[in-house]
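Take a look at the structure set out below.
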Amino acid sequence: MSKSFDVIIVGAGMVGASLALLLRQCMSKGLSVALIDEHEVRMSDAQQPSFDDRTTALSLGTQRIFERLSLWPKLRTHSCPIEHIQVSQQGQFGRVRLHAKDESVASLGSVIPNRALGQSLSQALLQSDGLTIFAPAIVETYEMSAQGAQLTLKQGEKVQHLQGALLVLADGVNSAGCQQLGIPQKRHDYGQAALICNVSFDRPHEHWAFERFTQCGPLALLPMQGNRFALVWCMPHENVQEHLALDEAQFNQRLQNKIGFDKGRILKSGERSCYPLALTQASEQVRRHLVVLGNAAHGLHPVAGQGFNLALRDANELAKNIEDTYLHQGADQLGELKHLLNYQHAQQGDQAMTINLSHHLPTQFAQAGGTWSVLRALGLTAMDTLPVTKTMFARQAMGLVGASQAWQP
């Protein structure tokens, strides 16, 4: 016997969990939502803070969404505000500096450990009335029909059948749901990997974030609590393996040579890891009764830290679309293509701008030649000195773009 829901979300990662929480008010009005994940959703995690915490950069727009979900007061205690941003290129004049006070905000964004963000989302999910969680559970089959989505789940030895008017696939960059339903991903391989670790210096970071473009790829330092920086250093695959093999003293020296001493002397660097860099985009984001969301829809280059922030704006807009359709058209209309195309149209401009920015910035700054370098330097200088252009760039960095900013659940 099948269990029926208005909305089924597959994937309880940061994006899927956030969408479920954005629908809480609508659930209080009768919307039924199921959330499925292959991992258990737990009230608390025994993992303690460590020097090597992995982090996510949250834009100001993302913070405001979490404020509306009543999550930000708790998240703020674990986060480090970004009050200043500097963008520059190695070996050339010209830079852009953004300051929160110039934009009349307390911060331009923040950096938070993934551990703390995950704990807060999980706790909020488990306290959400009207939400049915199937976890740990594996979706074995997906079927789509004119009536909606039909899923077969396996929880241990137990098999369950679910059906829903709207299926949301938020199950990550290698989405099993997309593969089963014949939605291929377009992939652009940058031929690089991002080396990540945490670094501390002998000077306070004073809430500065740095993005430096080099011929080999961008290098970012994001401020964390405990006077640490989260390092994201993009480089060719062969260089990454070489840097992973260095001992701590050798790595610190290599990094110090790359960034100089204006931020201080490196005291410590933590455990290093890496991941390959690629731009991935689902060939379709909406079908009748189906939406593809988060990394399943688009996986971005880490430059400017926009991946999760764009995905959360998508989730915010989708929640608005679901609520409007449910309240004014009825639950049986949730999966109708005309309504889902309205969601896609609303986010089209934001997605195009953010994806193009994250794709073209590293490729343009990697162009060799003195003429290109001088042109880039002149461009950075012009942006830094033209108030309108600088404010537009700041608003993009802060995630204050798109219609989703106007909606409050």
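The values are calculated or read from the model by the stated rules, or taken from the named source; none is laboratory data. This structure is a prediction, so every number in the text was calculated from the model and none was measured. Here the Cβ positions follow ideal geometry from the backbone for every residue, glycine too, while neighbour counts run over all protein chains shown.
Of Asn316, Asn356, which residue is out of contact with any Cys (no Cβ under 9 Å at 6 or more places or on another chain), part of a helix (DSSP H, G or I), within 27 Å of Gly177 (Cβ to Cβ) and at pLDDT 95 or above?
Details: Asn356 fails: at pLDDT 95 or above.
When all the criteria are applied, what remains is Asn316.
For residues that are outside any strand (DSSP E or B) and among the small types (Gly, Ala, Ser), scanning just the range 149-194, find the one that is farthest from the chain's Cα centre (by Cα).
Per the criteria, the residue is Gly156.
Considering (1) outside any loop (DSSP other than H, G, I, E, B); (2) of a type outside the set (Asp, Glu); (3) touching an Asp or Glu at 6+ places or on another chain (Cβ under 8 Å), say which one Gly264 fails and leave the rest.
The one condition Gly264 does not meet is (1).
If a residue has to be farther than 22 Å from Pro204 by Cβ, at pLDDT 95 or above and out of contact with any Ser or Thr (no Cβ under 8 Å at 6 or more places or on another chain) to count, how many in the range 70-110 make the cut?
Count: 3.
Between residues in the range 245-265 that are without any contact (Cβ under 8 Å) to a residue 12 or more places away in the chain and residues that are surrounded by 14 or more Cβ atoms within 10 Å (Cβ to Cβ) and in a loop (DSSP other than H, G, I, E, B), which pairs lie under 8 Å by C-beta distance while being six or more apart or on different chains?
Listed by first residue and then by second, the contacts come to Arg254/Leu246.
Assuming Gln241 fulfils every condition listed in (1) part of a helix (DSSP H, G or I); (2) surrounded by fewer than 18 Cβ atoms within 10 Å (Cβ to Cβ); (3) touching a Ser or Thr at 6+ places or on another chain (Cβ under 7 Å) apart from one, which condition is it?
(3)
What number goes with the only condition from (1) hydrophobic (A, V, I, L, M, F, W, C); (2) in a helix (DSSP H, G or I); (3) closer than 30 Å to Thr214 by Cα that Val96 does not pass?
Every listed condition holds for Val96 apart from (2).
Please specify each residue of the range 10-25 satisfying the condition of being part of a helix (DSSP H, G or I) and either without any contact (Cβ under 8 Å) to a residue 24 or more places away in the chain or surrounded by 21 or more Cβ atoms within 10 Å (Cβ to Cβ) (or both). Reasoning before the result, please.
First, pick out the residues of the range 10-25 that are part of a helix (DSSP H, G or I): 14-22, 24-25.
Answer for the range 10-25, where residues must be part of a helix (DSSP H, G or I) and either without any contact (Cβ under 8 Å) to a residue 24 or more places away in the chain or surrounded by 21 or more Cβ atoms within 10 Å (Cβ to Cβ) (or both): Val15, Gly16, Ala17, Ser18, Leu19, Ala20, Leu21, Leu22, Arg24.
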